[in-house]
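Working notes, beginning with the structure itself.
The values are calculated or read from the model by the stated rules, or taken from the named source; none is laboratory data. Here the structure is a predicted model, which means the values were calculated and not measured. Here the Cβ positions follow ideal geometry from the backbone for every residue, glycine too, while neighbour counts run over all protein chains shown.
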Amino acid sequence: MADSSRPLRVADQIQAELSDIIRRRLKDPRRGFMTITGVDVSRDLRSARVFVSALDEDAEREALGLLEHARGFLRSELGKRLTLRFVPELHFRADHSAARGRRIEDLLRDLRREKEVPPEGDSEA
């Protein structure tokens, strides 16, 4: 039976290496601010979904386009850094978890405000 923690370790390594490659080796003026927020690797280590976050939707779209364009370069650089038989095929996806988290925080804040403000007509005078 294969070690089930290996894909997790490989995913962590890919995330760290990709972040470093993008920061140090990707010389594209469109790079902007982006973060690799996570990587999911298939059990056979042949495919990796890379989750990317940016400041807003436009920056996210541009970051995903840039990464798609640089996919071959990124795989080549990963191949030099990882000791794997096969370098996983990279699939870039937008990570919307931060936006969902902000939306949930906003909803909770609104609920707390509604609870604090007494309804109209309830006066104790």
* Which residues, taken from the stretch 39-60, are modelled with pLDDT of 90 or more and within 14 Å of the chain's Cα centre (by Cα)? -> VAL39, ASP40, VAL41, ALA48, ARG49, VAL50, PHE51, VAL52, SER53
* Looking at this structure, is ARG49 under 25 Å from ARG102 (Cα atoms) and either of a type in the set (Gly, Ala, Ser) or not in a helix (DSSP H, G or I) (or both)? -> yes
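Within the stretch 84-114, take every residue that is part of a loop (DSSP other than H, G, I, E, B) and not β-branched (Val, Ile, Thr) and give me the one that is modelled with the highest pLDDT.
Taking the stretch 84-114 and keeping what is part of a loop (DSSP other than H, G, I, E, B), we get 84-88, 95-96.
Checking which are not β-branched (Val, Ile, Thr) leaves us with 84-86, 88, 95-96.
Values: LEU84: 89, ARG85: 90, PHE86: 92, PRO88: 95, ASP95: 90, HIS96: 82.
Result: PRO88.
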* For the stretch 59-83, how many residues are surrounded by fewer than 15 Cβ atoms within 10 Å (Cβ to Cβ) and either outside any helix (DSSP H, G or I) or among the polar types (S, T, N, Q) (or both)? -> 2
